[in-house]
1. Please express the shape of segment B:127-222 as an equivalent ellipsoid: the semi-axes are the square roots of 5 times the eigenvalues of the C-alpha gyration tensor, given largest first in whole angstrom.
2. Fewest Cβ neighbours within 10 Å first, please rank B:50, A:233 accordingly.
3. Angle, helix A:341-352 long axis vs. longest principal axis of chain A, Cα atoms, 0 to 90°, nearest 10?
4. Once you have the Kirkwood Rh of segment B:104-146 from its Cα pairs, apply Stokes-Einstein at 10 °C and 1.306 mPa s and quote D in µm²/s.
5. Quick one: grab Rg to one decimal and Dmax as a whole number for segment A:320-416, Cα atoms only, in Å.
6. Give me log10 I(q)/I(0) at q = 0.14, 0.19, 0.21 Å⁻¹ for segment A:268-337, Debye formula, one equal scatterer per alpha-carbon, no solvent.
7. What number, rounded to the nearest 500 deg cm²/dmol, is the helix-based mean residue ellipticity at 222 nm of chain B, given -39500 (n - 2.57) per DSSP H run of at least four residues and division by all its residues?
8. Can you tell me what percent of all Cα-Cα pairs in segment B:100-259 are more than 26 Å apart?
């Protein structure tokens, strides 16, 4: 057996569980692509929903196009990012450019509980698959759109990608200190934020449908989801007419607080001192120069933060991050070395990340969910589908079509 | 409408905010001192008190406030009585009342227990996220605005809502354990996949050239704007037909992304002198007209008057007590539903109302106030 991750200890989500996951029986017709939408539908799948991913052979999920990875080990039919994001789902291949393909997608929507898409604003309308097209056919349908800016307003036509959203939501001018350049995070932060809001919105709509019997139309904007996470600072700006101060690594309730250079190339540790006891503990370890009555209170330390930082960094930069961490932790100071992705993976792989066998004989890394239920189940890990792997099965289970009828649909051009 | 009892500290309070945003009855249980979220500035009108912190104003909007000492035995008893009327409790580990006592009082109750082991900046550094936030080789930075806690809160909300839906379906509550350390790690799964499949450890990429060779934040007269020029030759040609930089146009090898990667700094330096001639709104509008993914690099002040947020009803005019009329963000889910949430409560604003509902008489409440169990 080849492996690119450590063999995991048994974990709740990698073992089949007897309790039924809460969303068992919920059918999700999934038109989403790349990350924000597929992350949402993966969570729904983890909770037991039957997620049917609609794909087109001529235009597969663009995760494939944007993240080719010739060095990837294991399965080669899909890139690793796709495999991780789309595990626990099924795949149906429909040609949405033909009338019969559109008709088939419409029929599937009439028996779906959730229809979800994250295309640009007009795409589903052009395909005849918008909320207005489908709602008359299925009053229990929860329809979720996740366009970058939503389906209305002056920005509805704007193309959005992760970095554009990091920029426009204010994140890059909130990260960093005053005077710093725009500062990003090297991942698709906004996709996760959008996906989480969509998931919560769907769970809420399912709960409401239990009472009302009616579905919902959720015209979410990924932009607004991310702006919501920074909304307190919007409130501040709306009231004051000023942009909030960029705090860098500092905090009004702890001083000093910062990220300090350690020995070695690009090695760092963070320290935060919330009160005088912690301060005295720090002073006892670091440098007698810190033992200065000018630094005795939190307010004073905030005022002299630069000076204090310089003294601390003189000390940390001569020591490894491990030594800084262990010496300060031993006296009760809140400290952590900066762990790189490699270190997190190597130190915690088996618990932080799950693994599953895919393809047979090869263990591959997969992300689980960062929580556990005492009573409810979470779906066991299952590999991402091949393109169109479940076409015939889904046509049978969702629409009651026989294999012959499925083949006839193929001859009409509905399938690819 | 469900009733949610909210004992969430800052790392989880965005969860209960989301429940309030979609119309649930959220009761925030606070000590006499008021909770930590009330103490986070900046403050509205520079009024540094328990009611004017902007994090409190947004994260506790639409909730009720019950000021109750849950460390006292009488306080614990009242919390249990309150949980009998509730559907979910969101609480930090360890909860003030044992899980078994809560389950005995209300078998339908969902109890979400959030494990939060260290301060924000330490959790962020340990998770790995710090190593990918900032500029290459330079000092890494904690994400601002405590936004990492909004993400962890959203995960807490999703976990709680799932168990709540199950409880409504089968009449049985559940206990949900959420680890904040694992929540933070789950937010860089792309980096995890990259490492697992290629052995490459994602690092900080900074603000320019992070996506394609010609992408990033470009300086303008009034700030920055963000562009991503696609990697294919047509993307470059289309962009050059706009920029008309004679030096760049002359070098035909630049139609290839690999060449552009090689000469990235040279290209970006030239483009920066071009972009400085524009206002950010103008350069972004023209780029979008040309189908180039672009956006302003906004500050929260820009967003506080953003036309898209106003048009969609995300920003709504409210008459705020003490501050008068102002535009206030109602949240992404409230925007979709078209129903804004109310304001954040004063400390103990709903103590009397809630204790009355639980059957406590005026005299009993007064006695509890005098014995410092309640504050109203």
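1. For segment B:127-222, the semi-axes come out at 35, 17, 13 Å.
2. B:50, A:233
3. 60 degrees
4. Answer, rounded: 121 µm²/s.
5. Calculated on Cα positions, Rg and Dmax stand at 23.9, 74 Å.
6. -0.37, -0.69, -0.86
7. On the way: 18 runs with 158 residues, N = 376.
That comes out to -11500 deg cm²/dmol.
8. Counting pairs separated by more than 26 Å, the tail of P(r) holds 53 percent.
We did not get these values from a lab; they are worked out from the coordinates using the rules stated. Only a predicted model underlies this, so the values are computations on that prediction, with no experimental measurement involved. Positions of Cβ are backbone-derived with ideal geometry, glycine not excepted, and every protein chain shown enters the neighbour counts.
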